[in-house]
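The values are calculated or read from the model by the stated rules, or taken from the named source; none is laboratory data. As the structure is a computational prediction, the values presented were derived from the model and not from experiment. Glycine gets a Cβ as well: all are built from the backbone with ideal geometry, and neighbour counts include every protein chain shown. The protein model used for the area step is the full one, side chains on, heavy atoms only, and it has no ligands, DNA or RNA in it. Shrake-Rupley method; radii C 1.70, N 1.55, O 1.52, S 1.80 Å.
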2 protein chains.
Amino acid sequence: MEPLYLEDLQVGQRFTSSAYLMEESRIKAFASEFDPQPFHLDEAAAQASVFRGLAASGWHTAAVAMRLLVSGGLPFAYGIIGAGGEIEWPKPTRPGDTLRLESEILAIVPSRSKPNQAFVTVKITTLNQNQEPVYVFTAKLLAFKRP
Amino acid sequence: MEPLYLEDLQVGQRFTSSAYLMEESRIKAFASEFDPQPFHLDEAAAQASVFRGLAASGWHTAAVAMRLLVSGGLPFAYGIIGAGGEIEWPKPTRPGDTLRLESEILAIVPSRSKPNQAFVTVKITTLNQNQEPVYVFTAKLLAFKRP
């Protein structure tokens, strides 16, 4: 897909991504490094927790969503540069889940100080193989005009 | 520090964390896996980007903040279980930065359906060694009463 400049973007525009398999070994490795809580590391402890079974760290799901955005899920020229946004994890991500993204541009607000830039609000929904949202990131991203 | 139950929490309560060194090799490894954009991987490309130098993926900073929360930065009984929140990256995280957290409870809202639980809003600010905020997560976390 051609890289998209600010002039190519419009409210309501939609994007999809490729898919990503959440392997149990990677879920545990990520959690060991960044989120070493029992419900991300140990099946028995996870069964006894509010998650009722092993769940990926929400930050692992967020990082995988970023990978899907960067690898074709949102082909902004100059890349995916986020200032922030709102995040929500409506359901856990489980070992063996296959994740993919559906994204939609909600707003485009020109920068006051930099006439070649705008802030673009994009609602990025990460779905599992049952089409259930597991992570929603309403992102405030930077987009740039053609040079 | 003793694990804190819902009864132990109050609005205005503050917490600090230990520190975490952002090594360049880990910044590049994280970016290779989850955020393979030139400004996270290559010094020359990063200099030419809006970051004006190598920057960690914002998701790497977020994941490290989670690690600091889990390892004593926010000693909630039953762990750090987030439903979502707002995130912001006011400045890039650079190789060699040392990050630590300052957190404050902003609100405590009892669950309507589960009398032993509440949603606790915590503003978690990740600071670098110059006391500059690099990442702010206003988190909606679950807290539980004593069993």
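Counted by Cβ distance under 15 Å from A:L4, the other residues give a net charge of -1, where Lys and Arg count +1 and Asp and Glu count -1. Averaged per residue, chain B has 46 square angstrom of accessible surface, using a 1.4 angstrom probe with ligands and nucleic acids left out. Taking both sides together, the accessible area buried where A meets B is about 2800 Å² for a 1.4 Å probe.
Among residues other than B:Q37 with Cβ under 12 Å from its Cβ, the summed charge is 0 (Lys and Arg +1, Asp and Glu -1). Of the residues in the range A:73-88, those shielded by at least 50 Å² of accessible area once partner protein chains are present, compared with the chain alone at a 1.4 Å probe, are A:I81, A:I87. What value, in deg cm²/dmol to 500, does the helix sum -39500 (n - 2.57) over DSSP H runs of n ≥ 4 give at 222 nm once divided by the residues of chain A? The per-residue figure over chain A is -5500 deg cm²/dmol.
For chain A, what number of Lys pairs, 8 or more residues apart or on separate chains, have alpha-carbon atoms under 24 Å from each other?
Within chain A, the lysine pair count is 8.
Would you work out what percent of the accessible area of the range B:2-120, with all protein chains in place, is carbon or sulfur (probe 1.4 Å)? Here it works out to 51 percent.
Exposed loop sites here are trypsin sites (Lys or Arg not before Pro) assigned a DSSP state other than H, G, I, E or B and surrounded by at most 16 other beta carbons within 10 Å; excluding them, the longest clear run of chain A is A:53-111.
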